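The values are calculated or read from the model by the stated rules, or taken from the named source; none is laboratory data. In this text the structure is predicted, and so the values were computed from the model without any measurement. Cβ: placed from backbone, ideal geometry, glycine included. Neighbour counts: every protein chain shown. Note: accessible area is taken over every heavy atom of the protein model, side chains too, but ligands, DNA and RNA are not part of it. Shrake-Rupley method; radii C 1.70, N 1.55, O 1.52, S 1.80 Å.
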Amino acid sequence: MKYSVLFLALLLIWACQSTPEKQGAPAAVSQIGKAISDSLLKTLGGNLSRAVQDSGFSGALKFCNIEAMPLTRQVVAENAAVGEVKRVSEKWRNPANQPDENDLAALNHFTTLAANGEALPAEFVQELGSGQYRYYRPLKVAALCLNCHGDPAHLAEGVGEQLQALYPEDKALGYEEGDFRGLVRVSVKMP
Ligand code: HEC
């Protein structure tokens, strides 16, 4: 009797531990999502620092305004499994980056952890059914970002005026270094 209880307890512990955190998402979804988001962040980051070097923050802002969306769409690559690639945030600058319901669930997952002072996981995968998945990767605010996303009183020269003109509904201000900023989202379809 005692042994069977022990066995049952062990079985339960094993069953709990073996439940994968990604809720059954194939490892391939993570692999694809990571590769695509890496490539997006490299492309956007590289272009941003070049633009800042060439024409300062205020010039780079124009570049983000014109190029961020096309560059984001370009990253989709020739991988047939990859659908849309986006950046989403609750505090969006471009209204095209407003979250939908699934994005909000993913954003909540990260904001709750951040509010509790917990370290953010590298990814969050949603299974939407019919082989459709969304891979989410968190973005944090670095010192450089504050030039265009920080306290409105301390933005880089000329940035505030341009933001008001280009993004009258801008919510992506007032961030501090280390804040959770939003997510890269990669839609993946598995056969
Ligand atoms: C030169 C100014 C500038 C800098 C520096 C900058 N951004 Fe942005 N950011 C923008 C602009 C402009 C947009 C809107 C782009 C568009 O219209 O597609 C934007 C959009 C975004 C978005 C998409 C969501 C939204 O709000 O529309 C994210 C996420 C983001 N920025 C994160 C960052 C992070 C993280 C950093 C630092 C690594 C950073 N940005 C640095 C100007 C900047």
Exercise. According to a simple spin-label model (label point 7 Å from Cα along Cα-to-Cβ), what is the distance in nm between residue 55 and residue 143?
Worked result: 2.6
Seminar exercise, completed: For the residue 112, residue 62 Cβ pair and Förster radius 45 Å, calculated FRET efficiency rounded to 0.05 is 0.80
Seminar exercise, completed: Put 167, 135 in order of accessible area, largest first, probe 1.4 Å, and you get 167, 135
For this session: Report the one residue of 109, 186, 162 whose Cα lies farthest in the direction of the positive end of the charge dipole of the chain (charges on C-beta: Lys and Arg +1, Asp and Glu -1; origin at the Cα centre).
Result: 186
Seminar exercise, completed: Under a 1.4 Å probe, counting only protein heavy atoms, residue 149 has an accessible area in Å², nearest 10, of 40
Seminar exercise, completed: dims of segment 42-146, Cα set, principal axes, largest to smallest, nearest Å -> 44, 38, 23
Seminar exercise, completed: Here the relative contact order (percent) of the chain, from C-alpha pairs under 8 Å and at least 6 apart, is 28
Exercise. Among the lysines in segment 24-189, how many pairs, 8 or more places apart or on different chains, have alpha carbons under 26 Å apart?
Worked result: 21
For this session: List the equivalent ellipsoid semi-axes of the chain in whole Å, largest first, each obtained as the square root of 5λ for an eigenvalue λ of the Cα gyration tensor.
Result: 38, 20, 13
